[in-house]
Each structure stands twice: as structure tokens, then as C-alpha cells.
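Structure, as C-alpha cells:
Rule-based calculations on the coordinates, nothing more; no lab input. Since we're looking at a predicted model, the values are computed, not measured. Positions of Cβ are backbone-derived with ideal geometry, glycine not excepted, and every protein chain shown enters the neighbour counts.
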Amino acid sequence: MRQRLDIADVEERTKIRAKYLRALENEEFGMLPGPTFVKTFLRTYSEVLGLDPQLLLEEYRTRYEAGDDVEHLRSLGPPNLARDRRRGGPRLGAGSLLLLVVVAIVGALVAIGLLSDNGDDGGDEAADTATQTSTSPPGGQKKKRAAPKRVVLRIAPLTPTYVCVDRGPGTEVLFENTIDSPETFRGKRLRVNLGKTDVEMRKNGKPVAIQSGPEPVGFAFTPRGRRALPSGERPCA
């Protein structure tokens, strides 16, 4: 003011932006990029005004850099940042929070993968044990499977064979023909007349013992078992 200079004149001479010049005059050093800029701008500004820059720099160091220099450097910067730090430290931005979430998800996936790998060795055995435990009655006794209520009979001829099937005396004939490929029959009871025993039979998935030969034979099947039929009781006889 004594030299009748305004901020625009000083800005032109020093090449320092007007907002930084005002910050220097008002001692709002937090508005400047950092302490190095503060001291550089003070030196340049004082030289333009014909003042001793060393005196201004010493006063600045004494008032603002005394004590903990590291803490002072942290305090410099935009006012809002300095105020946030005084209130309890800077807050995480949205980018930092997103990064933390991604890291947490990746960590959880890795942990799940490790647990899955560790459990593969004994997973099947543990599952079998759990199944046995849940289905076994007290005392360690095995629970008996429920007896089948129907007959599923599969006849596979080794050579073309005559077959007649019904469901019991007085019932309609289900099938009568010579077969050369497997046939399957179902019912609560089944009676079978075979022209010869050159066949393989399975009842409810289990093989039926039968001796191969050229003689005709008949059987009656129930869910509980089977019996041989005399020629007069065979279907289609």
C-alpha cells in the first residue's frame, strides 16, 4: 500500500497468482500447495517490495515451523483437509472404500476355496457317515429296506424263445409271442410260460437262477419270491 501497488501489479511482477498473494498477506498458508511454495512465494514477494526476504522467512519458520516439523507439514494444504485432520483424520473416499470391498470379497473367495479343498478328501466319507447315521435306528441296527410291492420282470432270450405272460389264474394274457430281444413285464403278480429255458431273467433288478435247456418251464412271481408252475397252471397252456 505504501508503494501504491495493487494485487494485479504484484501478480504481473512476481508471476504468482493473485489468490496465493492474498493467502500470503492473510497468513492463510493452508491455501498454498505446500511449505516449499510458501517460502518461495514469500521470498519472491518480499524481493519485489524491496524487503529483506530472510527476515520474513525466519519469522515464518519461527511461527509456523517451530516444534514438530512433520506435524506442521501435515497441517499445510487446503483448509478443509486440515480441518478434517483436526477432527480425527482424513476420511476414506469412495475409491478407497470400493478397493476395501473388493479386497474383502477376494479374501472371502480365497478362504472358501481353501475350505473346499480341505474338505474334498473326506467329503464323500463324511456324507456317507451322515447318511448312515440319519437312517440307522438307535442301537446301531441297520434299517431294513421296504419290500417291493410290485414285480418287474425282464426276460432276455439267448435264442428266439416262446413267452406267455399273465397276472394270475382267470386274468387276461399280457403277452404271447416268440421273442428274440429283451422284454420287460410289470405287475403285482406275474405268471410266465417259457417254451425253453434258454433265457436270462431278472426280477426287480436281481438275476433269477435258471438252468438253460430246451424244455418248457413255468414260474409264478410275487414280490416275495417265485415258484415253479406245473404244466397245467402255466398261462397259455
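Which of rounded, prolate, oblate describes the stretch 141-218, given a ≥ b ≥ c as roots of the alpha-carbon gyration tensor eigenvalues and a/c under 1.5 marking rounded, otherwise prolate only if a/b is larger than b/c? Let's see the in-between values first.
Working: a/c = 2.36, a/b = 1.47, b/c = 1.60.
Because a/c hits 1.5 or more and a/b fails to exceed b/c, the stretch 141-218 counts as oblate.
Applying both filters, DSSP loop and at most 15 other Cβ atoms within 10 Å, to the GluC sites (Glu not before Pro) of the stretch 1-63 gives GLU27, GLU28.
Partner lysines whose Cα lies under 27 Å from the Cα of LYS149, excluding those fewer than 8 positions away in the same chain, are identified as LYS188, LYS203, LYS206.
The stretch between LEU49 and ILE179, if pulled fully straight at 0.36 nm per residue, gains 34.7 nm over its current Cα-Cα span. What shape does the stretch 189-236 take by its C-alpha gyration tensor, where a ≥ b ≥ c are the square roots of the eigenvalues and a/c under 1.5 counts as rounded, a/b above b/c as prolate, and the rest as oblate? Oblate.
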